[in-house]
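Here the structure is laid out as structure tokens; the discussion comes afterwards.
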Amino acid sequence: MATRMGELMAGILPELRMHAIDKWIRAESDGEVIVDTRRAVVVWEPRRVVPCYAVPDEHIAGELVPYEGPVGAEHGVRIGADGPPVLDPSTPFTVHSCPGTPLSIRTASGELSGAAFRPDDPDLSGYVVLDWSAFTQWYEEEQPVLGHPHDPFDRIDCLPSTRHVIVSLNGRVLADSSAPTLLFETPLPMRFYLPREDVRMELLRASERHTVCAYKGLASYWSAEIDGVSSPDVAWSYEHPLHDALPVAGLIAFLTERLDLNVDGVDIERPVTPWS
């Protein structure tokens, strides 16, 4: 009987997962190199969908000391209506979903509080998992990395299409295009990036929100303004995307979790994601 890959990947989300990578990984804190390793492992704690780097103890320029500070709140969500419960990426690093020891990194210039975690799993013996946000800059080889570690089993494809796409909210059309660029990103729903001339920009108001994607870069957002009612942050664009996302530069995408989408005359059910 054939194995459905999506079900296989979803089925292991409750488990601690790891994958060794060959990349040279470094991390800085305020210009000081704290992490420098060629033996990194990518680690997903149970129910985490975004990985962290784990590195050998001896490749950290600092002392690992116990962390006994606050843990923070767990934010549970689903990807797909029938998908297993997972942790929203906004869940703090200090929320750990497998047995282990929380640690801080003490350096000559200060302490990175709660920035490390030593899982009890013997396959990660001698390694600590690191909090992405505790460091000011990460590198893979000489390339700065944004947002989070690159997932070796995740990728994006940007494909031009002639599908007829209509995006609306409360019966008002926000965009109508037959020249979308389709962006496929595992495991997220297909996104439609539309030319600005096909978007009713007069119904959108620039937002102060910005997000960072490890694969696409820095996104700017718009809110929809219809009949005096605001729907916050339902559209976004990458003005200067990273190389994998160059085909969608300057195009507008919509958060179809909160909007109505019709493709080639067929109404598409709103997807279930952490942003629903």
Notebook entry, point to check: Whole-Hz Karplus ³J(HN,Hα) for the stretch 75-87, in order, using 6.51 cos²θ - 1.76 cosθ + 1.60 and θ = phi - 60°, x for Gly and Pro?
Noted result: 10, x, 9, 10, 10, x, 4, 9, x, x, x, 9, 8
Check: How large is log10 I(q)/I(0) at q = 0.09, 0.15, 0.19 Å⁻¹ when the Debye formula is applied to the Cα atoms of the stretch 5-145, each weighted equally and without solvent?
Finding: -0.27, -0.75, -1.16
Checklist line | Length-normalised contact order for the chain - Cα pairs under 8 Å, 6+ apart - percent | finding: 14
Notebook entry, point to check: Roughly what % antiparallel, to the nearest 5, for the DSSP beta bridges in the chain?
Noted result: 95
Notebook entry, point to check: Can you give me the pair-distance distribution of the stretch 156-268, C-alpha pairs, 10 Å bins, whole percents?
Noted result: 15, 50, 32, 3
Next item on the list: First select every other residue whose beta carbon is under 9 angstrom from the beta carbon of H59; then total the charges, Lys and Arg +1, Asp and Glu -1.
Entry: -1
Next item on the list: Would you mind classifying the stretch 179-220 by shape? Square roots of the alpha carbon gyration tensor eigenvalues, ordered a ≥ b ≥ c; an a/c under 1.5 is rounded, otherwise it is prolate if a/b is larger than b/c and oblate if not.
Entry: oblate
Next item on the list: Just need the Rg to Rh number for the stretch 206-273, please, alpha carbons only, Kirkwood Rh.
Entry: 1.01
Notebook entry, point to check: If the chain between A249 and H210 were fully stretched, how many nm would it gain, using 0.36 nm times the residue separation less the Cα-Cα distance?
Noted result: 12.5 nm
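Any read-out appearing in this document is the output of simple, stated calculations on the displayed coordinates, not a laboratory observation. What you see is a predicted model, and the numbers here were worked out from it, not measured in a lab. Because the Cβ atoms are built from the backbone with ideal geometry, glycine has one as well, and the counts that use them run over all protein chains shown.
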